[in-house]
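The structure appears right after this line, and notes come after that.
The values are calculated or read from the model by the stated rules, or taken from the named source; none is laboratory data. Because the structure is predicted, anything quoted here is derived from the model rather than measured. Heads up, the Cβs are rebuilt from the backbone with ideal geometry, glycines too, and the neighbour counts pull from every protein chain shown. Note: accessible area is taken over every heavy atom of the protein model, side chains too, but ligands, DNA and RNA are not part of it. Shrake-Rupley method; radii C 1.70, N 1.55, O 1.52, S 1.80 Å.
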Amino acid sequence: MASGIQMDQETALELVKKGATLLLLDVPQFTLFGIDTQMFSVGPNFKGIKMIPPGPHFVYHSSANKEVNEFSPTIGFFITTSYSEVVVRRWHCQDEHLVKISEDEECRYSEAVKHLEFDNQLGPYALDHFVEWKRLSCYITNTAIERLEPIGGDITIACVSGLIPDVPRTAMEKQLMEQLNSSKFSRTTPEDSQRQKCYYTKIPQIVKRKDISGEELTAMNIDKTQLLETILLKDFKGAENLLLAELQFAFVVFMMGQSLQAVFQWKTLVSLFLCCTEAPLRTRSQLFSKFIEVIYWQLKHGFQKQKSTTAAEGKGISVFLDDALFSKDIFLYRLCKDFFLLVLQSPVIDGDLLTWTRKLKGLLEDIFGWDFEESALDVMCEDGDEYAPVVVPPDEAMPVEDQAN
């Protein structure tokens, strides 16, 4: 599991000798650049990162204007590295983003890197950050990346404005939309939006069927176990870890990449899990243990109390969550309260699920000062909560399997 990941001295020394290198050519000074949980403001001699551990990584950047007081919407992409690999990208001045180069050029630059010609201009990957990154990405594989990433690989808020659902938005989400609308990057065509969207799994907010009674349909919308099973079997061929990979992918993309499409997908996936009552107790206990562990590390990272004071903080990129995203009357509180009650009061429960549920409960109480012991009547669903349970009229049509397409 992710919590067992450690970076011992032998592994660290191996990465010094055989770690991958990300060579970045012609990146302008003051550009905000990040890899995984690390961020930098680019200096005049910056040419990339060395000593990168093997596996998936998220690279993201935000270009500055001449006065260095405004930054473009973040653009990010995933890479999957192997030992001693050299990945090369060049800055495209007109479009202000990193692009691939020809194979011949990449071979020449790779040889130059291996002969240490760029060594003094490469910053080391901070290996003390790697354990945290693995906790956030332990289920992300190259297969998951290829399944979810846009055509061309670049992920940016500038190309998803038409893909965002019309639902109540938090202050953070509104701020991102305002940044997008006031940016030169907002002038994208519908074709651009479709080409550069991520291919997330479609999850219906409401299950609609006409072959069952209204009471049964309401019960199905309160306990989303059947919907979860349908999605797992139809979209993931039963591969639970691939669903967890999408949850981690969406979190990374909205945290580091500032993608609103990813924000809503992450919230939808979390809601799907937390709205299940039968699956965590009976049919999918191990999956739910992994799920709770995943969001525990996500929230622990996102709400770190000791936030770093890097040059990028307060500018174009934020690697910490906005408290408003999880306000008590909108999202996480109600869902977690019901789920905690379900798990902690169950007479028979999986040990790992119980352990991680207690840890998540304690984390949220510490972060927000939330009291999950208060009466359930003290917390009512607000009108603006798009994730609240829905009572569905019996004449609503469309089977659940069609809704999950």
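General observations
- Over all projection directions, the Cα-based convex hull of the range 35-89 averages an area of 4.5 nm².
- C-alpha center-to-center spacing [the range 15-59, the range 241-255] in angstrom: 22
- Protection-proxy order for peptides 37-47, 107-117, each taking the mean of Cβ atoms within 10 Å per residue, highest first: 37-47, 107-117
- The translational diffusion coefficient of the range 72-112, from Stokes-Einstein at 4 °C and 1.567 mPa s with a Kirkwood hydrodynamic radius over alpha carbon pairs, comes to 110 µm²/s.
- Accessible-area composition of the range 1-119, carbon plus sulfur, in percent [1.4 Å probe]: 47
- Take 134-144, 235-245 and order them by the average number of nearby Cβ atoms within 10 Å per residue, most first; the result is 134-144, 235-245.
- Peptide ranges 150-156, 332-338, 63-69 listed from the most packed, as the mean C-beta count within 10 angstrom indicates: 332-338, 150-156, 63-69
- When all alpha carbon pairs of the range 1-146 are counted in 10 Å bins from zero, the resulting P(r) reads 11, 40, 36, 12, 1 %.
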